[in-house]
Structure formats: structure tokens, C-alpha cells
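Visitor: I'd like to ask you about the structure that follows.
Values quoted throughout were computed directly from the atomic coordinates according to the rules given, and no laboratory measurement underlies them. Predicted model only: the values in this text are computed from it and were never measured.
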Amino acid sequence: MSPLNLTYFEIFDVEINISIDLNDLDSKYLKLQSKFHPDKFVNASSIEKSMAVRISTHINDGYKTLKDLVSRVDYILKINNFIIDENKTFKNSKFLVEQMELTEIIKDSEKSKYDAIRMDIKNKISLLIIEMKNNLFNKDFDILHQNNSMIKFYKKNINQLSM
């Protein structure tokens with residue numbers, strides 16, 4: 001079967017999960033690219049060259065998607081036919097208040113406090129990942145999507161600390 005007909009998880013032969021072994025993903029990516037990279041098809045027909053480009057691009061897209069937690073979860077939702085409504089606003093008011101407070105804390109803090117703030121945010125993300133694994137196991141895609149949205153906010157907070 002052509003890799004173009006497989007999910008990204010199938011291409012890389014990894015279980016559909018919130019957390020994956022990134023070293024294993026890297027290794028499988030290199031192995032797949034060494035097999036399907038267009039440079040391997042320099043002397044092939046134009047059809048074979050075109051297929052190599054398409055497959056290589058699909059592998060690259062899959063690698064980028066699976067390597068990033070937020071993208072991976074969005075993809076899990078997609079392959080489970082969960083429709084993400086971009087017009088729907090995030091409604092967890094407790095979390096939104098926490099975000100406003102966190103933004104103020106970051107803005108008002110000295111750079112010497114950034115590492116502690118970053119660790120606190122990473123701990124919150126770790127707790128969310130545990131919850132997200134349960135969401136996936138229970139096929140509770142609405143909450144999985146909400147938790148993934150929270151991680152997006154936390155990543156923005158971490159980026160604020162890098163400026």
C-alpha cells in the first residue's frame with residue numbers, strides 16, 4: 001500500500017497516542033526518507049519522480065505533525081472525525097482568568113524569575129497530558145480538544161518568556 005493512503009501514525013508505525021517516543025520517530029523518519037527521498041529517483045521515470053516527491057512530502061508533513069504535541073493531538077482529532085470549529089470560542093472562564101493573571105505575572109516579573117515560571121507552566125502541561133491520555137482512551141474528543149487548546153495558550157506563555 002502506498003504511504004499516501006496511510007495515516008501519519010501508520011506511516012511511522014507508531015501507536016495513536018498523546019505521547020510518542022520522539023527518538024523512535026526521528027529514526028523512522030530518517031529511514032523512510034532514505035527510502036523515498038526524490039534524490040533516490042534521479043534516473044527514474046517522470047511518474048516515479050513525481051510519486052517520490054509526493055510521498056516524501058507526505059512523510060515530511062507527517063513527521064512535522066507527529067513531532068509537535070499540539071499538532072499531533074489536532075491530527076488525532078482529525079482522524080477521529082472530530083470537527084474543530086475555529087469560530088467557537090474557548091469557554092473555560094477559570095482557565096481564561098488564569099491566563100490573564102499569568103500574562104500579567106510574566107509582564108511584571110524580572111527575567112531572573114522566568115525559569116521558575118517556565119517550570120510551573122511545564123508542570124501544568126504535564127498534568128494536562130495525563131488528562132489528555134485519558135480523554136483519548138475514553139474517546140472524549142471535546143475535552144481533548146479543550147485541553148489541547150489550553151496547551152496552545154501555555155505554549156504562548158512560554159514563548160512570552162523567551163522574548
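Visitor: I'd like the orientation of helix 46-67 relative to the chain: the angle between its Cα long axis and the longest Cα principal axis, in ° from 0 to 90, rounded to 10.
Guide: For 46-67 against the chain, the angle is about 20 degrees.
Visitor: Still on this structure, I have one more. Which value does Rg/Rh take for the range 14-91 over its C-alpha atoms, Rh per Kirkwood?
Guide: In the range 14-91, Rg relative to Rh is 1.11.
Visitor: Can I ask one more? On a 0 to 90° scale, report how tilted helix 69-79 is relative to the longest principal axis of the chain, with both axes built from alpha carbons and the result rounded to the nearest 10.
Guide: 60
Visitor: Could you work out [θ]222 nm for the chain from helices alone, using -39500 (n - 2.57) per DSSP H run of at least four and dividing by all its residues? Round to the nearest 500 deg cm²/dmol.
Guide: -23000 deg cm²/dmol
Visitor: Now for a different question. Students often get this wrong, so check it: of K107/K155; K31/K67; K40/K67; K28/K152; K124/K156, which have C-alpha atoms separated by over 21 Å?
Guide: Violating the 21 Å limit, Cα to Cα: K40/K67; K28/K152.
Visitor: Using only Cα atoms, tell me the angle between helix 93-108 and the longest principal axis of the chain; keep it within 0 to 90° and round to the nearest 10.
Guide: Roughly 80 degrees, rounded to the nearest 10.
Visitor: Taking a quarter of the surface of the convex hull around the Cα atoms of the range 44-126, what do you get in nm²?
Guide: 9.5
Visitor: If you wrap a convex hull around the alpha carbons of the range 93-161, what volume per residue comes out, as a whole number of Å³?
Guide: Normalising the Cα hull of the range 93-161 by residue number yields 67 Å³.
Visitor: Continuing with the same structure: Any chance you could list P(r) for the chain, counting all Cα-Cα pairs in 10 angstrom bins from zero, rounded to whole %?
Guide: Calculated over all Cα pairs of the chain, the distribution is 9, 30, 28, 20, 10, 3, 0 percent.
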